[in-house]
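> Here you go, one structure.
Quick note: the coordinates plus some simple rules give every number you see, no bench work behind them. Everything quoted here is computed from the prediction, not taken from an experiment. Quick reminder, even Gly has a Cβ in these numbers, built from the backbone with ideal geometry, and neighbours come from all protein chains shown.
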Amino acid sequence: MIRICFVCLGNICRSPMAEFIMKDLVKKEGLEKEFLIESRGTSDEEKGNDTYYGTKKVLDKYNIPYTRHYATRLLKSDYEKFDFFIGMDNYNVLSMKKLFGTDNKVYKLLDFTKKDKEIDDPWYTNDFNSTYNAIKYGCDCLLKDLVKKGECYD
């Protein structure tokens, strides 16, 4: 089983978006029994809150199913539960490295693509469509990498 945890700051916008997109991609490939996919935040700011309405709106637009979500903070104990921790930006990656004391298992989502950039936080930009496009592309490439279906190209 491949165990993935997507990580952003508050766990209400980007990381749940990535979680639900990846779950949808995996299901469409018939691989849902081979993956555990969850998400966390690096802070407690939104603890217990559901996915932000802007994220839900863009997921609805692209017919990506989602369930009730409870924002959860990433804990050191999560390190043993997951194979991959996928951050949305450099700050997320640095926070995870500091928490775990290692960079093993820690990646930025767009590391799996040909684009070396961060995924903007739509909480601040209010551009959920651009965030969706970047996360969808990153998840497509991540899945290709994990199931050895080749590289992603721009």
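> Can you sort Ser130, Ser95 by how many other beta carbons sit within 10 Å, fewest first?
Ser130, Ser95
> Could you check the simple spin-label distance between Phe84 and Lys117, using points 7 Å along Cα→Cβ, in nm with one decimal?
2.1 nm
> Still on this model: By count of other Cβ within 10 Å, fewest leading, how are Val93, Val7 ordered?
Val93, Val7
> May I pose another question? What ³J(HN,Hα) values, in whole Hz, does the Karplus curve 6.51 cos²θ - 1.76 cosθ + 1.60 give for the range 107-124 when θ = phi - 60°, with x put for Gly and Pro?
3J(HN,Hα) across the range 107-124, in whole Hz: 9, 9, 3, 6, 4, 8, 10, 8, 9, 9, 8, 9, 9, 4, 7, x, 4, 9.
> Using θ = phi - 60° and the Karplus relation 6.51 cos²θ - 1.76 cosθ + 1.60, list the HN-Hα couplings for the range 79-94 in order, rounded to whole Hz, with x at every Gly or Pro.
For the range 79-94, the Karplus curve yields 4, 7, 7, 10, 8, 9, 10, 10, x, 8, 8, 4, 4, 4, 4, 4 Hz.
> Another question about this same structure. Report relative contact order for the range 2-146 in percent, whole number only (criteria: Cα-Cα under 8 Å, sequence separation at least 6).
Relative contact order, the range 2-146: 29 percent.
> Separate question: Is there a quick way to get the dipole size of the range 2-146? I mean about its Cα centre, with the Cβ of Lys and Arg at +1 and of Asp and Glu at -1; what is the value in debye to the nearest 20?
In debye, rounded to 20, the range 2-146 gives about 140.
> Taking amide H atoms as placed 1.01 Å from N in the peptide plane, list the residues 5 or more away in sequence, or in a different chain, whose amide H sits under 5 Å from that of Ser39.
Amide H to amide H, under 5 Å and 5 or more residues apart or across chains, Ser39 pairs with Phe6.
> On to the next question. Order these by the 10 Å Cβ neighbour count, fewest first: Ile2, Ile64.
Ile2, Ile64
> Then there is this: Which residues' amide hydrogens lie under 5 Å from the amide hydrogen of Arg3, considering only partners 5 or more residues apart or on another chain, with H built in the peptide plane?
Leu36, Asp83, Phe84
> Taking H as built 1.01 Å from N, whose amide H comes closer than 5 Å to the amide H of Gly87, not counting residues under 5 places away?
Correct list: Val7, Tyr107, Lys108, Leu109.
> Restricting things to alpha carbons, find the Rg to Rh ratio for the chain using the Kirkwood radius for Rh.
Using Cα coordinates only, the ratio equals 0.92.
> Now a separate question. Would you kindly state how much longer the chain becomes between Thr125 and Tyr53 on full extension, computed as 0.36 nm times their sequence separation minus their alpha carbon distance, in nm to one decimal?
24.5 nm
> Same structure again: Could you work out how much longer the chain between Lys105 and Leu75 gets when fully extended? Use 0.36 nm per residue separation minus the Cα distance between them, nm to one decimal.
Going from the current span to full extension adds 9.4 nm.
> To continue, here is another question. Convert each backbone phi in the range 2-13 into a coupling constant with the Karplus relation 6.51 cos²θ - 1.76 cosθ + 1.60 (shift: θ = phi - 60°), then list the ³J(HN,Hα) values in order as whole Hz, x for Gly and Pro.
9, 10, 10, 10, 7, 9, 9, 5, x, 6, 10, 10
> With springs only between Cα atoms under 10 Å, which of Gly48, Gly101, Gly87 fluctuates most in a Gaussian network model of the chain?
Checking each option, the largest mean-square fluctuation is seen for Gly101.
> With each run of n ≥ 4 DSSP H residues scored as -39500 (n - 2.57), what mean residue ellipticity at 222 nm is computed for the chain after dividing by its residue count and rounding to the nearest 500 deg cm²/dmol?
Dividing the helical sum by the residues of the chain leaves -11500 deg cm²/dmol.
> Let me ask you something else. Within the range 1-90, what is the number of lysine pairs with alpha carbons under 23 Å apart, leaving out pairs fewer than eight places apart on the same chain?
18
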